[in-house]
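Visitor: Would you mind keeping the following structure in view while I ask a few things?
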Number of protein chains: 2
Amino acid sequence: MNRVGVVLVEPRNEGNIGSVARVMKNFGFHELTLVNPCRIGGSARALSVHAWDVVEGARRVSTFEEAISRYDLRVGSTGITSTKGGEHVRTPALTPRELRDVLAARRGSTAIVLGREDRGLEKRELAECEIITKIPTSSEYTSMNISHAAAVILYELSDFQPPRIETASRFEFDLLIDHFGRMMEESGYPPHKQDKTLLMLRRIFGRSNLTRREAITLHGILRQAEWRFKKG
Amino acid sequence: MNRVGVVLVEPRNEGNIGSVARVMKNFGFHELTLVNPCRIGGSARALSVHAWDVVEGARRVSTFEEAISRYDLRVGSTGITSTKGGEHVRTPALTPRELRDVLAARRGSTAIVLGREDRGLEKRELAECEIITKIPTSSEYTSMNISHAAAVILYELSDFQPPRIETASRFEFDLLIDHFGRMMEESGYPPHKQDKTLLMLRRIFGRSNLTRREAITLHGILRQAEWRFKKG
């Protein structure tokens, strides 16, 4: 995967332009193209917050063709899908997660094309898109705000790794379980239950992805209890 | 997994309340709790569009404790993470995808708790949450609009299956490849290239998850070519 841009086709609400710019920058995308947009003023600026540079740097074009011509692949977003075989223009549609997998396997530039607030992309515009994506929604209310649709699609396409806390190593993990065992023994915990209970503790801390710091703190709790035993 | 509600803590922008309601309904969630919200008027109504019922049905409470007390599990959303071991209140944080997996494995009600537009959740509020979630964002701009954060989290937690078009069966797939083989033969395609080319076609149509209708249409193209061969 590589360059991904967003194309907004005839946005009529400037707030949406600002909102889309914000979520683009949140997910590390900066290339915005606006096809025949509404007037962009204070409301777009307010909603873009710290992504006004994305709005200012947007390429403004007057036709759909001009917007998409510079991209190798065009992905049209639609809120409507049909399972009727005859509906070529919107089917088959990939979910944003499937889209991520397809894009991950290719090189070249990609445009995520989002349509008008009220009626989305026209059929002839969808027909220009090699891939159609549809966010799975409740049948009760399928129409999403375009900045929400952008948020979900760009979330899937972004590749930021969450910061990770250091988890307890195998050695530290075993040390903690052993410590629980000693404390249980010292406290007079029923010997015939110890093995099963220690296994349960392995399961609990295993599921919780125990961090190194959490392991250290648990040792502290056990040491304090042991100190209390000895004090009598 | 089961009941999931959204708790907005002291929202100050009524538009955000409407936007969050809309995306909740898009993803099939209806239970909204507002802690000490701003005045809710026309702007919330406009942005909720067809989810005004979610805003109208929202439970309004005056304290954080009242909002979260009825949930078995409370998930606090934060835009800030720390990898410092000392920061207990925000760490470790799950991504929305990890959160989905944890919730899928449990029963009981869950609150997704979203904080103030400007400063999120207070430390004492995060401390009341059993799980912390953080959407991985660009370090360049980590602060998301709360309705965008809601969109991403609820997208992960929703369980709607995209409508699926009927893909070509194994039999239909093989039939199509055979048809390509016959057409290539009839057209005088170099015989020594046929096997490799047929394999390439298998790869292309395999990757594309060829639908039944697409297979039928491709047969039609081949039949028309064959008709043209015979016509001479």
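Only the coordinates and a few stated rules stand behind these numbers; no lab work does. Computed from a predicted structure; not experimentally measured. All Cβ positions, glycine included, derive from the backbone under ideal geometry; neighbour counts span all protein chains shown.
Visitor: Specify the residue that is farthest from the other protein chains (Cβ to nearest Cβ); the eligible residues are those in region A:11-21 that are touching a residue at least 40 places away in the same chain (Cβ under 8 Å) and not β-branched (Val, Ile, Thr).
Guide: A:Pro11
Visitor: Regarding region A:49-56, can at least one residue be identified that is touching a residue at least 40 places away in the same chain (Cβ under 8 Å) and either under 24 Å from the mean Cα position of the chain (by Cα) or more than 23 Å from A:Phe27 (Cα to Cα) (or both)?
Guide: Let us first name the residues in region A:49-56 that are touching a residue at least 40 places away in the same chain (Cβ under 8 Å), namely none.
Checking region A:49-56: not a single residue is touching a residue at least 40 places away in the same chain (Cβ under 8 Å) and either under 24 Å from the mean Cα position of the chain (by Cα) or more than 23 Å from A:Phe27 (Cα to Cα) (or both).
Visitor: For region A:114-153, name all the residues that are assigned to a helix (DSSP H, G or I) and among the β-branched types (Val, Ile, Thr).
Guide: Of all residues in region A:114-153, those assigned to a helix (DSSP H, G or I) come to A:123-127, A:146-153.
Answer for region A:114-153, where residues must be assigned to a helix (DSSP H, G or I) and among the β-branched types (Val, Ile, Thr): A:Ile146, A:Val152, A:Ile153.
Visitor: Output yes when any residue across region A:45-63 is in contact with a His (Cβ under 9 Å, 6 or more places away or on another chain), acidic (Asp, Glu) and in a helix (DSSP H, G or I), and no when none is.
Guide: Yes - at least one qualifying residue is present in region A:45-63.
Visitor: Same structure, new question: Failed condition for A:Asp195, given (1) free of Cβ contacts under 8 Å to residues at least 12 places away in the same chain; (2) in contact with an Asp or Glu (Cβ under 7 Å, 6 or more places away or on another chain); (3) among the acidic types (Asp, Glu), with all others met?
Guide: (2)
Visitor: Show the residue pairs that are 6+ apart or on different chains and have beta-carbon atoms under 6 Å apart, the first residue being within region B:31-43 and without any contact (Cβ under 8 Å) to a residue 40 or more places away in the chain, the second being surrounded by fewer than 16 Cβ atoms within 10 Å (Cβ to Cβ) and among the small types (Gly, Ala, Ser).
Guide: B:Asn36/B:Ser62
Visitor: Given the options A:Arg100, A:Arg107, A:Arg119, A:Arg90, name the one that is surrounded by fewer than 23 Cβ atoms within 10 Å (Cβ to Cβ) and free of Cβ contacts under 8 Å to residues at least 24 places away in the same chain. Let's see the steps before the verdict.
Guide: Working: A:Arg100 fails: free of Cβ contacts under 8 Å to residues at least 24 places away in the same chain; A:Arg107 fails: free of Cβ contacts under 8 Å to residues at least 24 places away in the same chain; A:Arg90 fails: free of Cβ contacts under 8 Å to residues at least 24 places away in the same chain.
Of A:Arg100, A:Arg107, A:Arg119, A:Arg90, the one residue that is surrounded by fewer than 23 Cβ atoms within 10 Å (Cβ to Cβ) and free of Cβ contacts under 8 Å to residues at least 24 places away in the same chain is A:Arg119.
Visitor: Next up: Assess whether A:Val75 counts as being buried (at least 16 other Cβ atoms within 10 Å of the Cβ), in contact (Cβ under 8 Å) with a residue 12 or more places away in the chain and in a strand (DSSP E or B). Talk me through it step by step, then tell me what you get.
Guide: On the way: buried (at least 16 other Cβ atoms within 10 Å of the Cβ): yes; in contact (Cβ under 8 Å) with a residue 12 or more places away in the chain: yes; in a strand (DSSP E or B): yes.
So A:Val75 passes the test.
Visitor: Continuing with this model, one more query. Determine the pairs where a residue that is more than 8 Å from chain B (Cβ to nearest Cβ), located within region A:157-170, has a partner that is among the hydrophobic types (A, V, I, L, M, F, W, C) and not in a loop (DSSP other than H, G, I, E, B) with Cβ atoms under 6 Å apart, the partner being 6 or more residues away or on another chain.
Guide: Partner pairs satisfying both residue conditions: A:Leu157/A:Val4; A:Ala168/A:Ala215.
Visitor: When you scan region B:184-218, how many residues do you find that are away from every other protein chain (no Cβ under 14 Å) and in a helix (DSSP H, G or I)? Quick ask: steps written out before the conclusion?
Guide: Within region B:184-218, the subset away from every other protein chain (no Cβ under 14 Å) is B:184-202.
Among the residues that remain, those that are also in a helix (DSSP H, G or I) are: B:184-187, B:191-202.
Selection size over region B:184-218: 16.
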